[in-house]
Amino acid sequence: MNIGTRKILDRSFTAVGIGSIIVMALALMFVVVPIVTNGIGAVFFTGTVEHRKMLFNEFKRGDSQGLSSEVASSDRYRSKVYDMLTGFEAELETMAPEKKKEYKEKYAQVRSAVQALLGPLPGDSTPMLTRFKYGQTRWEKAEEKLHDLLYESKWDNSNPNVMSKEYFVSRAIGFEGTSLVKLFPYVKDNLEKMLLPDFTVYWGFITDSSVDSHFFGGIWPEIQGTFFLAIGAMLFAFPLGVVAAVYFTEYAKPGFLNSMLRSANSTLAGVPSIVFGMFGLAFFINTMKVSESKSVIAGALTLAIMILPTIIRAAEEAILAVPKTYREASLSLGSTKWNTIATVILPAALPGILTGAVISLGRAAGETAPIIFTAAVSVGSAIGLADVFSSPTPALSWNIYNLASEHEAASQIRHVQYGMVLALVSIVLLLNLSAIVLRARISKKLKG
Amino acid sequence: MTVDAKETSESAQLQKATRDIYLPPERKKISGDDTIHISAKEFSIYYGDFEAVKRVSVDIISKYVTAIIGPSGCGKSTFLRAINRMNDLIPSCHTTGALLFDGEDVYGKFTDEVLLRKKVGMVFQKPNPFPKSIFDNIAYGPRLHGVNDKKKLMEIVERSLKKAAIWDEVCDRLDKNALGLSGGQQQRLCVARTLAVEPEVLLLDEPTSALDPKATAKIEDLIQELRGSYTIMIVTHNMQQASRVSDSTMFFYEGVLVEHASTAQLFTNPKDPMTEDYITGRFS
């Protein structure tokens, strides 16, 4: 091969390498940017007076005097809306029957749109679900609901050959000639005065329990549950894994059984996590009966089994990477085998072992499948440390799935989903970062 | 003459021969009782089926320096490492014949290799301090053997470092990591670490092969200092070094102990033509 071709080949390979890295970076951006921007929106957002009302009633938080003056000022503008509605109800009674029938239906839509925007109307009975007790708590949601009030959504399916298209018709036109027609411009112009939007920092999203299945409140029970499960898994898996790795590297005699055990361990590392979930249910709950039904301990044990092979592999590699000369030096000083392992080999292998452990911890925090059947519930309050043997817990990974797929009002609370995703990603990232820092510090200490 | 008496006279002859090796008239005698410290009898070491050391019989008198020379792969390191059973780390390694240390079989059924290694210290080819502080490196051995008193440990550390002639260089940074020292300092630290467990024998496995000439000279001076206090055995590729530091020299070739003689004699007037070829550099 001549120099020219060789150089071209080298350059083109460099170009391909850089290109693939750029593609990966872009893909990552595509995922991470929405997670971060939307996730931050769960804590920093423009909140309305309804949000402050909710905080005061449900969490006893906020200043009651300020709130009551705010409510009073917003009620001044709201009362006009309510008056218009009752006025139209009276007008409705005087209409001719067929006209009445036509308007009644339209009016019901308007009324529920106002309800969604401002909360229960005067005279309504208190709703059962907390989500209906308040109007829109977030300004961007309020703007969406305002659009719903002002325009009726219709579908154009006149052409059977193309997909139906949504279009909007102003409701005001429908009420032309009645007293209600004034409502629409009024609400549009005075919505800010009725809802009093204000920049809100809601740290409670991290520290509060959820209200009405994540409609309001925060995700603390999920965060706590995630930590319980991940750390619980580590408490079982770390000592077991290190002992197993020491056995494999220091004590096991090479042979058929040993190589079988090793390849079994490698295979176990590749088993899909849902299989571990089913195993956890069948073994820990049904057979061993570690708990009546789902519990943190059962979930932690299942996760421990799942991460055990990874920890064993990492620890094995770390131990094998310790220079042979350390072993020789220690033994030549009259140290026993066990002493050599405990005082020389394991300390020198510690950075590697810890890195593997913390990466496994991150994996345990993020896994969903193993805890579906063994530990996770969709809604629940934070549990105490004493309850880990009997109670299940909400956890971030499982609740993200639940909110995205099974929640009855998933589309209403996207910000909570994004907040949970961001929380989980941050926790895993934090764990991995701490692994890097820990490793660097210990290595520095070892290198002098 | 009974069998017993015959054996005694044979061993007496052997001892006399050994004394002649170690105590030729021109060398300064070391005060001591001239006991045989290590003794091999028809001692062979195998790696699997390969016989690495072949039926070696030799006596080594305590407190003297014995050098082992020979080409690479001749079994000299293997022989050295057999004395404190470091070869146990190699699973396929086994021995025949007898190797006696203080009259007891090193490979005996009831020999405690941990105790043996306490008495037979070793310094390796590459300096191998632990990734700990200088103090902890030296104190590692004494701590293993039950010394935990801080003051006593400090005494041992100071004494060992002084014996290894490195105290002046490190006394103000005992808490610093030992890996920060230079190669020569690390090797002397390793000697000090070995001395801290108060061994009777010091095995040096090519201790200067990874060092520069200046550091090598320091190690050689150190060996001269320690001569008379410890039985020292040194494996070396450097024949000048062997002639400088040792009282007697063993020449190994392909696992066979070709010649064991006083250093002066071996380097000036070797009996075996093979030894002569080797020391004059006629084969490699």
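Partners of A:Lys324 within straight-line reach, counting aspartates and glutamates whose Cα lies under 18 Å from its Cα and excluding those fewer than 8 residues away in the same chain: A:Glu250, A:Glu316, B:Asp88, B:Asp205, B:Glu206. Label zone (B:Val147, point 7 Å along Cα-to-C-beta; backbone nitrogen cut-off 14 Å) within region B:176-220: B:192-200.
Express the relative contact order of chain A as a whole percentage, based on alpha carbon pairs under 8 Å and six or more residues apart in sequence. Spell out each step's value before the answer.
Numbers: 578 pairs, mean separation 81.0, N = 448.
Normalised by residue count, the contact order of chain A is 18 percent.
Between region A:171-245 and region A:73-140, the alpha-carbon centres lie 25 Å apart. Remark: region B:155-284 carries a charge dipole of roughly 240 debye about the Cα centre, counting +1 on each Lys and Arg Cβ and -1 on each Asp and Glu Cβ.
Near B:His37, the amide H atoms lying under 5 Å from its own belong to B:Ile60, B:Ile61, B:Ser62; only residues 5 or more places off or on other chains count, and H is placed 1.01 Å from N. Look at the dipole of the protein assembly as shown built from charges on Cβ: of A:Thr94, A:Tyr251, A:Ile442, the Cα furthest out on the positive end belongs to A:Ile442. A crude spin-label estimate for the pair A:Ala269 and B:Glu104, with each label 7 Å from Cα along the Cβ direction, gives 4.5 nm. To make sure I understand the rule: partners must be lysines, Cα under 30 Å from the Cα of A:Lys7, and not fewer than 8 residues away in the same chain. Which ones qualify? The reachable lysines, counting only those whose Cα sits under 30 Å from A:Lys7, number zero.
Each of the peptides A:117-130, A:323-336 was scored by the mean count of other Cβ atoms within 10 Å over its residues; in descending order, highest first, they stand as A:323-336, A:117-130. A simple rule links phi to the HN-Hα coupling: the Karplus curve 6.51 cos²θ - 1.76 cosθ + 1.60 with θ = phi - 60°, which for region A:297-307 gives 5, 5, x, 5, 5, 4, 4, 4, 4, 5, 8 Hz, with x for Gly and Pro.
A simple spin-label model places pseudo-atoms 7 Å from Cα toward Cβ; at A:Met163 and A:Ser68 they are separated by 5.3 nm.
For the protein assembly as shown, what does -39500 (n - 2.57) per DSSP helix run (n ≥ 4), summed and divided by total residues, give at 222 nm, in deg cm²/dmol to the nearest 500? All intermediate terms of the calculation are to be shown ahead of the outcome.
Details: 29 runs with 403 residues, N = 732.
It comes out at -17500 deg cm²/dmol, rounded to the nearest 500.
Amide hydrogen proximity for B:Leu257: with H placed 1.01 Å from N in the peptide plane, the residues at 5 or more positions away or on another chain lying under 5 Å are B:Lys54. Taking 0.36 nm per residue of separation and subtracting the Cα-Cα distance, full extension of the segment from A:Lys104 to A:Ser170 would add 22.1 nm.
In peptide B:172-182, what is the residue-averaged number of other protein chain Cβ atoms found within 10 Å of each Cβ? Don't skip to the end; give the middle numbers.
Details: counts 0, 0, 0, 0, 1, 5, 1, 3, 2, 1, 0.
For peptide B:172-182, the averaged partner shielding equals 1.
With θ taken as phi - 60° and the Karplus curve 6.51 cos²θ - 1.76 cosθ + 1.60 applied, the whole-hertz 3J(HN,Hα) list for region A:237-248 is 6, 5, x, 4, x, 5, 4, 4, 5, 4, 4, 4 Hz, x standing for glycine and proline.
Which of the peptides A:139-146, A:5-12, A:231-238 is most tightly packed, and how do the rest follow, going by the mean number of other Cβ atoms within 10 Å of each residue? Intermediate values should be presented prior to the final figure.
Details: A:139-146: 17.8, A:5-12: 10.0, A:231-238: 20.2.
Highest-to-lowest ranking by the protection proxy: A:231-238, A:139-146, A:5-12.
If you take every DSSP beta bridge fully contained in chain A, what fraction is antiparallel? Give it as a percent rounded to 5. Restricted to chain A, the bridges split so that about 95 percent are antiparallel.
With only Lys, Arg, Asp and Glu charged, each at its Cβ (+1 for the first two, -1 for the last two), find how big the charge dipole of the protein assembly as shown is about the Cα centre; round to the nearest 20 debye. Provide the component values of the computation, followed by the final result.
On the way: 78 positive and 76 negative charges, 162 e Å.
The calculated dipole for the protein assembly as shown is roughly 780 debye.
Pairs over the 31 Å Cα-Cα cut-off, from the set B:Lys126/B:Lys271; B:Lys76/B:Lys151; A:Lys253/B:Lys76: B:Lys126/B:Lys271; B:Lys76/B:Lys151.
Under a Cβ-Cβ cut-off of 12 Å, what is the net charge of the residues other than A:Gly218 that fall near it, where Lys and Arg count +1 and Asp and Glu count -1? My count for the surroundings of A:Gly218 gives -2. Once both labels are positioned 7 Å from their Cα atoms along Cα-to-Cβ, the gap between A:Arg76 and B:Leu115 label points is 9.9 nm. Of all lysines in the structure, the ones whose alpha carbon falls short of 24 Å from that of B:Lys152, not counting any fewer than 8 places away in one chain, are B:Lys118, B:Lys119, B:Lys132, B:Lys162, B:Lys163, B:Lys176. Angle between the Cα long axis of helix A:64-94 and the longest principal axis of chain A, 0 to 90 degrees, nearest 10? Long axis of A:64-94 versus the principal axis of chain A: about 50 degrees. Inter-chain neighbour count for B:143-155: the average number of beta-carbon atoms from partner chains within 10 Å of each residue's beta-carbon is 1. Taking amide H positions as modeled 1.01 Å from N, with prolines and chain starts lacking one, the residues under 5 Å from B:Ile68 and 5 or more places away or on another chain are B:Ile234, B:Val235, B:Thr236, B:Met250.
Taken one residue at a time, the phi angles of region A:141-155 give Karplus couplings (6.51, -1.76, 1.60, θ = phi - 60°) of 6, 4, 5, 4, 5, 4, 4, 4, 6, 6, 10, 9, 8, 10, 10 Hz. Gly and Pro are set to x.
How would you rank A:268-278, A:248-258, B:237-247, A:18-28, highest first, on the average number of other Cβ atoms within 10 Å across their residues?
Numbers: A:268-278: 15.3, A:248-258: 12.1, B:237-247: 19.0, A:18-28: 10.0.
Packing proxy ranking, top to bottom: B:237-247, A:268-278, A:248-258, A:18-28.
Bear in mind these aren't lab numbers, they're just calculated from the coordinates by the rules spelled out. Not measured: the values here are computed from a predicted model. In this analysis, Cβ positions are derived from the backbone assuming ideal geometry, glycine residues included, and neighbour counts consider all displayed protein chains.
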